[in-house]
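The values are calculated or read from the model by the stated rules, or taken from the named source; none is laboratory data. A quick note: this is a predicted structure, and the numbers were derived from the prediction, not measured. With ideal geometry, Cβ positions are generated from the backbone for all residues, glycine too; neighbour counts draw on all protein chains shown.
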Amino acid sequence: MKTFAVLALIALVASCRLDTFFGGSGGGATSVAGPPADLRFADQPQTTRARNTLAPVRVAVRDDQGNIVAGFAGVVSVALDSNHAAGSLGDSTSVAAAAGVATFRHLRIDKAGTGYWLVASAPGTALAPARSQPFNILAPSTGSLTVTTTTSGSNLPSGYTITVDDSISQPIGINAVVTFVGLAAGSHAVTLAGVTSTCVIHGANPDTVSVSGGETAQASFDIACAAPPPTTGDVVVTTVTSGSSLPSGYTVSLDGGPATPIGVNDGVTATGIAAGEHTVALSGVPGNCTVAGPNPQPVTVAARSAARVTFTIGCVAATGSLTVTTTTTGSNLPAGYTVTLDTGQSGAIGANESVTATGIPTGDHTLTLSGVPGNCTLASPNPQVVTITAGATTQASFAISCSAAGP
């Protein structure tokens with residue numbers, strides 16, 4: 001009987017060991033999860049400071065036996081409980097589950113408070129929302145922010161304004177430094193305002209800066225400025241003169257302003273002329289010349305451009321007149337004389353007479369009196385030089401004295 005009892009005990013122990021071997025240490029075969037039944041927080045949200053990222057929060061999809069449904073890959077979302085709806089969780093509140101678990105790594109609450117809860121849901125499914133354990137958000141730690149401006153170029157502004165998070169502002173010079181203190185630790189948007197249209201900021205504006213508790217963060221803006229584009233243009237005036245007896249030059253004026261000399265075939269430029277409509281006048285045109293086209297001429301000036309005006313002038317030979325007078329005294333006077341110009345023009349003139357010749361080319365000419373008898377003497381130069389002016393009459397005279405003729 002004793003032998004039989006020992007053998008029965010050995011058989012029972014061996015049976016238990018075989019069950020353990022085939023069942024594994026968990027005491028049974030790995031179960032297969034059923035359909036999704038509920039949502040549960042696998043890793044609860046932890047207390048942290050405002051503006052800081054929470055430790056990863058995980059939400060699992062489980063079946064009615066509590067097993068994770070590894071085949072679930074749908075979207076899981078989290079939101080703040082309605083008691084704290086004014087807060088913000090950041091921008092990553094919906095993620096796709098992986099092997100039945102959704103992991104939220106970028107949650108961040110911007111306001112301190114107690115008794116926060118997260119509510120998890122699976123949009124598009126029949127799963128009921130799940131609520132996390134309560135947690136607190138502590139007041140953020142603070143730091144400082146120093147902002148530097150560096151401005152170069154020309155036409156510089158008087159200064160700018162620095163604004164942090166669209167809430168607090170300080171004026172700042174064009175090459176200056178300002179400091180903001182008591183800023184909550186975390187990310188902040190720093191904006192530079194008051195930059196004129198002729199200046200360019202090199203880099204981001206707004207600039208995102210991370211402030212750490214008890215430390216001073218740095219932000220800088222590099223600004224380059226340039227002179228504004230001109231609002232004026234130029235006027236280029238050209239003269240083209242042809243023909244004969246050309247003048248030495250003319251003058252031009254803009255809008256009735258001061259006269260500027262210009263040659264007969266020349267060009268002058270007026271700079272810094274306001275954009276808009278103007279008139280250009282050509283003056284000093286002699287009577288033997290004619291301007292083809294309007295004078296003055298209208299001209300439209302555009303900013304940063306050169307408007308062009310051309311005056312075309314045609315000239316003909318310029319002429320004048322010459323009046324010659326003879327004055328003869330004494331006795332035995334001759335009947336008259338002959339006057340001759342170097343142009344070939346010639347005519348008779350009495351002993352005491354005035355004659356006028358017309359159509360004489362302008363300029364210097366030689367005038368000769370001939371036919372003076374031997375008993376007469378000229379008191380004036382002979383020949384003499386006369387200057388003919390266009391459209392005018394030049395005067396010349398000869399004084400002759402005569403005596404009685406000899407036997």
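I'd like to check something: does the range 83-105 contain any residue that is among the acidic types (Asp, Glu) and buried (at least 16 other Cβ atoms within 10 Å of the Cβ)? Steps first, please.
We begin by selecting, within the range 83-105, every residue among the acidic types (Asp, Glu); these are 91.
The next check asks that each one be buried (at least 16 other Cβ atoms within 10 Å of the Cβ); those that pass are none.
Checked the range 83-105: no residue is among the acidic types (Asp, Glu) and buried (at least 16 other Cβ atoms within 10 Å of the Cβ).
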By residue number, the members of the range 255-270 that are of a type in the set (D, E, K, R) and within 18 Å of residue 291 (Cα to Cα) are 266
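Looking at 211, 264 in this structure, which one is in the same structural domain as residue 146 (by TED's automatic domain parsing), in contact with a Gly (Cβ under 8 Å, 6 or more places away or on another chain), of a type in the set (A, V, I, L, M) and surrounded by 13 or more Cβ atoms within 10 Å (Cβ to Cβ)?
211
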Taking the range 68-123 and keeping only residues that are modelled with pLDDT under 90 and closer than 18 Å to residue 35 by Cβ, one is left with none
If we keep only residues of the range 166-195 that are polar (S, T, N, Q) and without any contact (Cβ under 8 Å) to a residue 40 or more places away in the chain, then the residue nearest to residue 110 (Cα to Cα) is 167
Worksheet item: Can we say residue 209 is farther than 30 Å from residue 230 by Cβ, within 41 Å of the chain's Cα centre (by Cα) and either in contact (Cβ under 8 Å) with a residue 24 or more places away in the chain or assigned to a loop (DSSP other than H, G, I, E, B) (or both)?
Response: yes
Every listed condition ((1) touching a Pro at 6+ places or on another chain (Cβ under 9 Å); (2) outside any strand (DSSP E or B)) holds for residue 227 save (1)
Check your understanding: Is there a residue being more than 25 Å from residue 162 (Cβ to Cβ) and not aromatic (Phe, Trp, Tyr) anywhere in the range 206-222?
Key -> no
Of the candidates 231, 216, 198, the one satisfying the condition of being in contact with a strand residue (DSSP E or B) (Cβ under 9 Å, 6 or more places away or on another chain) and loosely packed, with under 12 Cβ neighbours inside 10 Å is 231
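Residue-by-condition table, conditions (1) in the same structural domain as residue 208 (by TED's automatic domain parsing); (2) exposed (fewer than 14 other Cβ atoms within 10 Å of the Cβ); (3) of a type in the set (Ser, Thr, Tyr); (4) closer than 22 Å to residue 49 by Cα:
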site: 110; (1), (2), (3), (4): no, no, no, yes
site: 120; (1), (2), (3), (4): no, no, no, yes
site: 132; (1), (2), (3), (4): no, no, yes, yes
site: 155; (1), (2), (3), (4): yes, yes, no, no
Pairing a residue in the range 287-307 that is within 15 Å of residue 255 (Cβ to Cβ) with any residue that is modelled with pLDDT of 95 or more and polar (S, T, N, Q), where Cβ atoms lie under 8 Å and the two sit 6 or more apart in sequence or on different chains, gives 296/279; 297/279; 298/279; 299/279; 307/300
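Got a sec? Which of 163, 125, 103, 150 is in the same structural domain as residue 51 (by TED's automatic domain parsing), assigned to a strand (DSSP E or B) and of a type in the set (S, T, N, Q)?
Working: 163 fails: in the same structural domain as residue 51 (by TED's automatic domain parsing); 125 fails: assigned to a strand (DSSP E or B); 150 fails: in the same structural domain as residue 51 (by TED's automatic domain parsing).
Only one candidate passes the filter, namely 103.
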